[in-house]
Amino acid sequence: MSTPVLGRAPSRERWNGRLFQAVLLACLGVGILVLAVLLYDVVTTGAGRFNLDLVRNMPSGRPLRAGIQSAMLGTIWVIVLVAAMTVPLGVATAVYLEEYADPARWWNRLIELNIQNLAAVPSVVYGILGLAVFNRALGFGGSVLAVALTLSLLVLPIIIISCREAIRAIPTSIKEGSLALGATRLQTVWRSILPNAIPGTATGAILALSRAIGEAAPVLLVAGGLVFITFNPEGVLSQTTVLPVQIFNYVSRPQEEFRVVAAAAILVLLLILLAMNSLAIFIRNRFHRPW
Amino acid sequence: MAALALALTACGGADAGEGDGDDTALSGTIQIDGSSTVAPLSEAAAELFQEEHSGVNVVVGTSGTGGGFKKFCAGETDISDASRPIKEEEAALCKQNGIAYEELTVANDGLAVVVNPENDWATCLTVEQLKKIWEPGSKVGSWKQVDPAFPDEPLKLFGPGTDSGTFDYFTGEVNGEEGASRTDYQPSEDDNVVVQGVQGSKGAMGYFGLSYVQENEGAVKAVEVDGGDGCVAPSAETVLDGTYTPLGRPLFIYISDKALARPEVKEFTTFYIENDESIAEQALYIPLSDEQQQESLDKVKSLSGTP
């Protein structure tokens, strides 16, 4: 606040302020209400099948024996691979763009524009790309690797953007102080910038990975349709399926019981997401330093 | 590659004698793709087969009959699920790519025409009446236009999307040309959506696989169909004995000869036919009749598979 408020605002203005606050609260309420209804519905539907058998059993056409083991392990394989590929690449790109790239050069501006646009491309488009390039041209088929590469492309722009935001949020005095003390550019990046960018980057990266974990559309394309797989992935070239696809598979079956299994599988997916978000919050609090 | 295929052929030949039942550790991955109608059968077969042969991985995809044949004829899959026989142009594509194959009947399917349970007038419809309702450009919007004896209830139509084998089958049999249908109906690839639609409106009508009727008894009512020889109710018996015409059909799998030369594929195929009854039951289809099963089994046994 640069200008101090003198006296009391006219009552009309105060009333407007309260109205605005109420509207904001209502907007928040809509989101929370929808989430609550969704959670309630999924929990009440899926509770009956939410037990160890669910993760112990393989997908099955027999509703009472249906589980999600291969899909759950597929999801874990894929997400670990996505994280291993996107986080280093995304952070490196962000550091280059923020610290090294000269914004006056046209190619740097072009890269920047492309990243902003890529973040807005619908996920199914990446699915088509993944099918053509990773599945067909490179011959990975519907493997863990092909799925992970496709999802990596999908979330990489999000990670780059969030990491850049985190770097920009570091006060310039820290960077300039480091340089003034005689540190090289590499030392400055490595010891001053990166450690301070961890909280923001971690939050962005986990949110991006959470998005990747919930995607069904691109996986449907890359993995070759609504596949039914009853074996666990044994390596990055194993054919695989992921939880969202398995959930889709279950809800499209005629027997009512599969809807219960699908709801239980959604609960498992939500738990994995919750665990990832908790990790993000933990990292943010652990590394957060007030300036 | 050729040497590998030859080695595998040799294996297949050696195993083909009396290999059933023994614990020879089969391994490999069998790629299946195709019709979403046939997929539940192949999935059930895969699941049961893997209980006995844990070393064999079976992947079942659902790209639709046409999409499945495209992959099959490009040599990407070993077995193609099909809810109709292969088309000429698809066969030509296979031939062009040097893919020889065998066709096996694996189960029987019936299409059911369903109406709302409160609909007490339409108990039997002739194929002509169905055609009048569903043919391209049809302007029938009320039940009264189908038959003057019916009430003036607005007709709401639901059906599968154009990618579905069910759509091809229904339009081919009823409208006389595959893919020819009026377009102002509510299409959905998900048969459950059709059930919900028909359930929700008194004048509604839709069509899908017979298994969905049994699963949704009470929600929708199946109509008897008159194919020229009187009204026949859709059921397992009438589909099998061939009286439920023209909406009863066989379902197929196509196996490439190259794949059949692999012992695990041959074993899987034999298993598929031998255990047809439990597989069809699990997938909610009508099992093969004894003759059909024997015929398919003889066919598999006689196939040595050529690379």
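Being in contact with a Gly (Cβ under 7 Å, 6 or more places away or on another chain) and more than 14 Å from chain B (Cβ to nearest Cβ): is that true of A:Ala223 here? Judged against the criteria, A:Ala223 is not a match.
Here B:Ala92 passes the criteria (1) free of Cβ contacts under 8 Å to residues at least 24 places away in the same chain; (2) open to solvent by less than 60 Å² (accessible area, probe 1.4 Å); (3) assigned to a loop (DSSP other than H, G, I, E, B) except the one numbered (3).
The single condition among (1) of a type outside the set (D, E, K, R); (2) assigned to a helix (DSSP H, G or I); (3) more than 30 Å from B:Gly75 (Cβ to Cβ) that A:Ile170 does not satisfy is (2). Being open to solvent by 10 Å² or more (accessible area, probe 1.4 Å), in contact with an Asp or Glu (Cβ under 9 Å, 6 or more places away or on another chain) and either in contact (Cβ under 8 Å) with a residue 12 or more places away in the chain or in the same structural domain as B:Thr126 (by TED's automatic domain parsing) (or both) is the requirement here; does B:Gly248 meet it? So B:Gly248 passes the test.
Within the stretch B:33-56, the residues that satisfy the criterion of being facing chain A (nearest Cβ under 9 Å), within 22 Å of the chain's Cα centre (by Cα) and either polar (S, T, N, Q) or not in a helix (DSSP H, G or I) (or both) are B:Asp33, B:Ser36, B:Ser42.
For the stretch B:251-282, a residue qualifies if it is farther than 26 Å from B:Ala100 by Cα and open to solvent by less than 10 Å² (accessible area, probe 1.4 Å), and the qualifying residues are B:Ile279, B:Ala280.
Among the residues making up the stretch A:66-111, a single one is charged (D, E, K, R), free of Cβ contacts under 8 Å to residues at least 12 places away in the same chain and either touching a helix residue (DSSP H, G or I) at 6+ places or on another chain (Cβ under 8 Å) or surrounded by 19 or more Cβ atoms within 10 Å (Cβ to Cβ) (or both): A:Asp102. The helices (runs of 4 or more DSSP H) found wholly in the stretch A:208-291 and carrying at least 3 residues that are open to solvent by less than 10 Å² (accessible area, probe 1.4 Å) and of a type outside the set (Val, Ile, Thr) occupy A:243-251, A:257-287. Of the residues making up the stretch B:57-75, those that are open to solvent by less than 10 Å² (accessible area, probe 1.4 Å), touching a residue at least 60 places away in the same chain (Cβ under 8 Å) and more than 9 Å from chain A (Cβ to nearest Cβ) are B:Thr65, B:Phe69, B:Phe72. For the stretch B:207-243, filtering for residues that are within 14 Å of chain A (Cβ to nearest Cβ) and not in a helix (DSSP H, G or I) leaves 7.
Farther than 12 Å from B:Gly110 by Cβ and basic (Lys, Arg), is that true of B:Arg249? No; evaluated as a whole, the condition is false for this residue.
Here A:Thr230 does not fit the description of being hydroxyl-bearing (Ser, Thr, Tyr) and in contact with a Leu (Cβ under 8 Å, 6 or more places away or on another chain). Do you know which residues across the stretch A:225-246 are within 19 Å of A:Glu215 (Cα to Cα) and more than 23 Å from the chain's Cα centre (by Cα)? If the condition is that a residue be within 19 Å of A:Glu215 (Cα to Cα) and more than 23 Å from the chain's Cα centre (by Cα), then A:Val227, A:Phe228, A:Ile229 are the ones that fit.
Just one of the listed residues (B:Ser142, B:Ser164) is in contact with an Asp or Glu (Cβ under 7 Å, 6 or more places away or on another chain), of a type in the set (Gly, Ala, Ser) and at pLDDT below 90, namely B:Ser164. Looking at A:Val124, A:Val155, just one residue is in contact (Cβ under 8 Å) with a residue 40 or more places away in the chain, assigned to a helix (DSSP H, G or I), in the same structural domain as A:Ala205 (by TED's automatic domain parsing) and open to solvent by 60 Å² or more (accessible area, probe 1.4 Å), and that residue is A:Val124.
The values are calculated or read from the model by the stated rules, or taken from the named source; none is laboratory data. None of these values were measured; they are calculated from a predicted model. In this analysis, Cβ positions are derived from the backbone assuming ideal geometry, glycine residues included, and neighbour counts consider all displayed protein chains. Only protein heavy atoms, including side chains, enter the accessible area calculation; ligands, DNA and RNA are left aside. Shrake-Rupley method; radii C 1.70, N 1.55, O 1.52, S 1.80 Å.
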